[in-house]
Every structure is written in C-alpha cells, then in structure tokens.
Amino acid sequence: MRPLEISDLITAVDPADGRRLPVRRAEVLRRLRENGDERAARIVAGLPADRDGVLDPDAVDRLLVSVHTELQRLSEELSIGTRLVHLLGPLFTAIRAAGGRSGPYRLVDVGCGLGYLVRRLAATGALGPDVELVGVDLNAALVGEADRLARAERLDCRFVHGNAFDLPEAATVYVSTGVLHHFGADALAGFFEAQAASPALAFCHLDLAATGLAPVGAWVFHRARMRHPLGRHDGVASARRAHPDEVLLRAASVPGMRALVYEPRGLSNPFCTTLRPVLGVRPWLEASLREALGRRASRRLVGPEHLGEAAR
C-alpha cells in the first residue's frame with residue numbers, strides 16, 4: 001500500500017471555498033491502521049481532540065506551522081531556491097525572448113506552505129522586477145504565517161488562501177516544491193491538465209526523486225533535522241511516495257504542453273540525487289528555453305522520448 005502522510009490527514013478543507021472542515025481523530029487512526037502504519041497512529045493518538053473526538057484545529061495549525069518552519073530549514077540546506085532559479089531564470093528569459101506575452105509576468109507557487117520560495121525570490125530579486133510573486137495554499141494557517149513573515153521582512157510578494165487554479169489573475173508560470181508526491185498517480189494528470197487549460201505558458205515542479213536510496217536518506221536527514229515525530233514520519237513517507245520520472249512525464253504530457261524533466265535519474269549520481277524538476281512549456285517555447293539554458297545545461301533537459309536513453 002502507498003504510504004500515507006499524517007499532515008495530509010489531520011486537516012481538511014472544502015475544495016470549493018477553502019472552508020475548514022472538522023477531522024475526527026478516530027477516522028484518521030482507522031485509515032492509518034488499515035494502511036499498516038501503527039507508528040503514525042500513535043503520533044495522531046497523542047494529538048488533542050474535543051469531547052466528540054474532533055482534532056483541535058488550533059493545535060493542529062500550531063503543529064503544522066512548527067513542522068513547516070523546520071522544513072524551511074531543510075529547503076535552505078538543500079538550496080531549493082538556488083536550484084529553481086537555475087531553471088526559472090532561463091525560463092523567464094525565454095518567455096521574454098519568445099515574445100509570447102509582454103510583462104508584467106506572474107509566478108504562482110502552488111501549495112506554498114510558509115512561502116519560502118516566494119520570499120526568497122522576492123528577497124533576491126532573482127527573476128527581475130517584471131515578475132510578480134504569489135504564493136497560494138489551501139491551509140489558511142500556513143498562508144497567514146507566510147504573509148506575516150513577508151511583511152516582517154518587507155518583501156514585495158503576496159500570499160493567498162485558496163486554490164491556485166482559481167485565482168482571478170492568470171499565472172504566467174506555475175511552480176511548486178514537494179507537492180507532486182501528495183497526488184496519487186491517477187490524480188497527477190488532472191493536476192497538469194488544469195495548468196495546460198489555463199493561460200499559463202509553463203510550469204516547473206520540484207519534487208523528490210524516486211530512488212532506492214531516497215527513503216534511507218530521508219530517514220537520516222529528517223532524524224537529524226526534524227524535532228517532532230510527525231515531521232520525521234512524513235519526511236520518510238514522502239520519499240517512499242515519490243513518483244518515478246516516467247510516471248511524471250507521462251502525466252505531464254497533456255495537450256498543449258511539452259513535458260520535460262531536468263537531470264533525470266539516468267543523468268545524475270544516485271548518491272546525490274534528492275530532488276529534480278519536471279517542467280511543462282508551450283511547444284513554441286522549448287527552443288528558446290534550451291537556448292537560454294545554454295548548450296551544456298540544455299542537454300540535461302529530457303523529454304519522454306529520450307528518458308530511456310538517459311537511464312542507460
């Protein structure tokens with residue numbers, strides 16, 4: 001059975017309006033035990049609930065903000081912002097050069113959490129002054145904390161509680177970090193189709209690479225860096241839930257988008273491979289992106305038809 005992450009189960013929102021829904025602890029325990037995860041069940045059993053067995057939403061929010069704060073430290077250590085700028089910079093250069101749309105442009109971070117990526121991009125100005133930075137998340141507590149941090153740091157970016165694909169303003173590029181593995185394989189296509197159906201010109205999603213060493217590395221890293229048992233549990237579960245490159249490219253190959261993966265497993269040292277981006281660009285944009293990346297970097301950008309060659 002596919003591992004479950006505790007953080008996915010202890011909160012629930014109405015997808016239509018983002019309204020918080022009650023979560024019964026007994027139901028979460030049932031799902032975890034049916035999935036054979038008694039350790040996760042013990043963690044959830046220790047979370048506070050009211051007389052009706054509904055998890056305390058304030059306690060859950062405090063816990064998730066704390067865990068995401070530790071995740072931000074991991075993002076800093078793994079240089080997530082730098083890795084994405086390595087691709088996003090050339091991507092926006094290609095968009096400007098291809099002339100498909102004049103600025104200002106809008107980057108939308110899907111499932112932004114505490115907004116680490118958006119706040120880092122705002123602090124460094126790495127993408128240029130003509131790129132508006134927006135973070136979106138269905139968790140109101142995380143969005144509120146992201147907004148508080150951005151205001152404290154006096155950053156030019158904003159955060160929205162809601163569905164990233166229902167914003168009144170169109171995105172130019174959708175991004176995410178550590179979101180794809182939260183979707184089952186059967187739900188991935190719908191995620192990518194929503195972006196292809198929008199006016200967006202591209203997407204770039206950085207997620208865990210599905211390697212045999214990933215769960216072991218996640219256990220060591222999260223054990224050393226995460227204090228709460230929930231964070232340690234979910235970190236390893238995330239690595240075990242990661243989708244292979246082939247699955248992601250197949251799901252991302254939706255009409256209107258050219259699916260690409262940067263530095264697939266076959267081109268990377270398995271001992272160093274932790275994350276890799278999956279991209280989708282409008283077909284007319286691919287040549288400009290490869291030119292902006294430069295010859296050496298462009299060779300690391302692989303489409304579905306060449307993935308087998310990269311593995312060899």
Number of positions in the stretch 1-56 that are part of a strand (DSSP E or B), modelled with pLDDT of 95 or more and not aliphatic (A, V, I, L, M): 1
Unique residue being in contact (Cβ under 8 Å) with a residue 24 or more places away in the chain and assigned to a loop (DSSP other than H, G, I, E, B) when the list is Ala150, Ala126, Ala146: Ala126
Check on Thr93, of a type in the set (Ser, Thr, Tyr), over 17 Å from Ser176 (Cα atoms), assigned to a helix (DSSP H, G or I) and assigned by TED's automatic domain parsing to the domain that holds Trp284: yes
Condition met for Ala164 (farther than 19 Å from Arg282 by Cα, within 16 Å of the chain's Cα centre (by Cα) and in contact (Cβ under 8 Å) with a residue 40 or more places away in the chain): yes
Leu121 in contact (Cβ under 8 Å) with a residue 60 or more places away in the chain, of a type outside the set (Val, Ile, Thr) and buried (at least 19 other Cβ atoms within 10 Å of the Cβ): no
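The values are calculated or read from the model by the stated rules, or taken from the named source; none is laboratory data. Not measured: the values here are computed from a predicted model. All Cβ positions, glycine included, derive from the backbone under ideal geometry; neighbour counts span all protein chains shown.
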